[in-house]
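Peer 1: Sharing a structure with you now.
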Amino acid sequence: MKIIGTGSAVPSLTVTNDDLAAFLDTNDAWISSRTGIQARHLLSTESLYDLAVDAADKAIKASGLRTDQIDFLLVSNVANQHVTPGLSCIIQKRIGVTCAGLDINVACAGFVNALMLADSMIKAGHAKNILIVCAEEPTKYCDWHERDCSVLFGDGAGAVVLTEGTAFKDVKLTMISDRDVLYYERGMETTPFEQHYVKGQPLVMKGKELFKTAVTESAKDIQNVLDYNHLTHEDITWFMLHQANKRIIESIRHIIGGPEEKYPTVIEKYGNTSSASIPIMLDEMLRAGKIKAGDKIIMSAFGAGFVSAACLWDWEF
Amino acid sequence: MSKIQDKARALIASKMKLDESEITPEKHLFNDLGADSLDFVELSVLLEREFNVKFTETETANAKTVGDLYELIEKYTKKP
């Protein structure tokens, strides 16, 4: 499997740390030093569906394929206004594809998990050209009266078109059942028989615990992929890590090794865009000409679950 | 200074981007070495991994100086 087209889209509204400090008990120095985030883009006039379609359209255009050549649509999304139908169904018509599709929710690790599914489907002959769209609006499940979560997130979408090839080399997925470190509960309709009604509540995050687990498990995934493929950090051109917190990226680098330049970031301008963070960064790096044929790339992400995942590419165009 | 302390000192210096000579047992992590709360979490992850130990939340909350960290590591790595 290889990637032949990428696209991304973020909302038009940019919100800086100073903008947040106007109504939250925080400031630019605190947010920047602890997260690396300077700004994020938030949905205001457009919808998540607009972003998803925009990213998908760009990826298909970049791939050189026609929409009728896309065989399958895989969408990664944690939550959006519609519990049902799935986001893949909602955006299918606007993208202009007619193929089947499905949604996955593997939190911020959704993109790497979707890659694993796409690779399996292509190898099994179920599809030849697959469109993955990661579209997320995490700012809609934060409590905007407190600073712990709301300063971290941004909205956005990233998309890739995949086809047969040999660039995708390996993937490692991890799941450790531990709901309490990070969760968002939606309220559901009650019934006359319900005895344990749970009212929804915004995102809950135990920051320090999450930080430790994220660093420990992501480093394990990456080291596993390196070891299994008889590689060291020196063989890797780019470590493209989930953009949740720059300090987490630095800690993982401290364990895995390699210079800071090999660990690109876009978190400064977008914040944490959940499963869209890696495809957005990939799109920007490809369009900037930073990725060359033969580059060895590790992608690694983690999220609520606790889940984490890492994969290896030997890049080809 | 024990080998364990040597390794821990090197790791703390590397993480905090300081010279090893600045990492002495009496140094307060926050007041003297300029650590913030996240540095402390990062340090505990790196030390736990390096020495294959697991600190409790209370232990890490109570550790304030470089010497406290040395004691914590030695508590878990001491052979019976």
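Values quoted throughout were computed directly from the atomic coordinates according to the rules given, and no laboratory measurement underlies them. Quantities reported herein were computed from a predicted structural model and do not represent experimental measurements. Cβ coordinates were reconstructed from backbone atoms using ideal geometry, including for glycine residues, and neighbour counts include every protein chain displayed.
Peer 1: Only helices (runs of 4 or more DSSP H) wholly contained in the range A:75-166 count here; list those with 1 or more residues that are among the hydroxyl-bearing types (S, T, Y) and over 25 Å from A:Q243 (Cβ atoms).
Peer 2: A:110-124
Peer 1: Conditions: (1) in a loop (DSSP other than H, G, I, E, B); (2) more than 14 Å from chain A (Cβ to nearest Cβ). B:G34 meets all but one. Number of the miss?
Peer 2: All conditions are met except number (2).
Peer 1: Residue under question is A:S300, and the condition is that it be polar (S, T, N, Q) and not in a helix (DSSP H, G or I); does it hold?
Peer 2: Answer is yes for this residue.
Peer 1: Could you list, in sequence order, all residues of the range A:75-98 that are buried (at least 18 other Cβ atoms within 10 Å of the Cβ) and either over 12 Å from the mean Cα position of the chain (by Cα) or farther than 25 Å from A:T174 by Cα (or both)?
Peer 2: A:A79, A:N80, A:G86, A:L87, A:S88, A:I90, A:I91, A:Q92, A:I95, A:V97
Peer 1: So, one more: Would you be able to tell me the number of residues in the range B:7-31 that are in contact (Cβ under 8 Å) with a residue 12 or more places away in the chain, closer than 21 Å to A:R34 by Cβ and in a loop (DSSP other than H, G, I, E, B)?
Peer 2: 3
Peer 1: Can you tell me which residue is farthest from A:H145 (Cα to Cα) among those in the range A:156-203 that are in contact (Cβ under 8 Å) with a residue 24 or more places away in the chain and acidic (D, E)?
Peer 2: By that ranking, first place goes to A:E164.
Peer 1: Separate question: Being small (G, A, S) and buried (at least 19 other Cβ atoms within 10 Å of the Cβ) is the filter here, so list the residues in the range A:183-218 that pass it.
Peer 2: Correct list: A:A214, A:S218.
Peer 1: Looking at A:L286, is it out of contact with any Leu (no Cβ under 6 Å at 6 or more places or on another chain), assigned to a loop (DSSP other than H, G, I, E, B), surrounded by fewer than 22 Cβ atoms within 10 Å (Cβ to Cβ) and aliphatic (A, V, I, L, M)?
Peer 2: It is false that A:L286 is out of contact with any Leu (no Cβ under 6 Å at 6 or more places or on another chain), assigned to a loop (DSSP other than H, G, I, E, B), surrounded by fewer than 22 Cβ atoms within 10 Å (Cβ to Cβ) and aliphatic (A, V, I, L, M).
Peer 1: Search the range B:1-31 for residues being among the basic types (K, R) and either farther than 20 Å from A:T213 by Cβ or over 12 Å from the mean Cα position of the chain (by Cα) (or both), and hand back the single one that is nearest to the other protein chains (Cβ to nearest Cβ).
Peer 2: Among them, the one singled out is B:K17.
Peer 1: Restricting attention to the range A:132-178, which residues are of a type in the set (V, I, T), under 29 Å from A:T67 (Cβ atoms) and within 15 Å of the chain's Cα centre (by Cα)?
Peer 2: Of everything in the range A:132-178, those that are of a type in the set (V, I, T), under 29 Å from A:T67 (Cβ atoms) and within 15 Å of the chain's Cα centre (by Cα) turn out to be A:I132, A:V133, A:V160.
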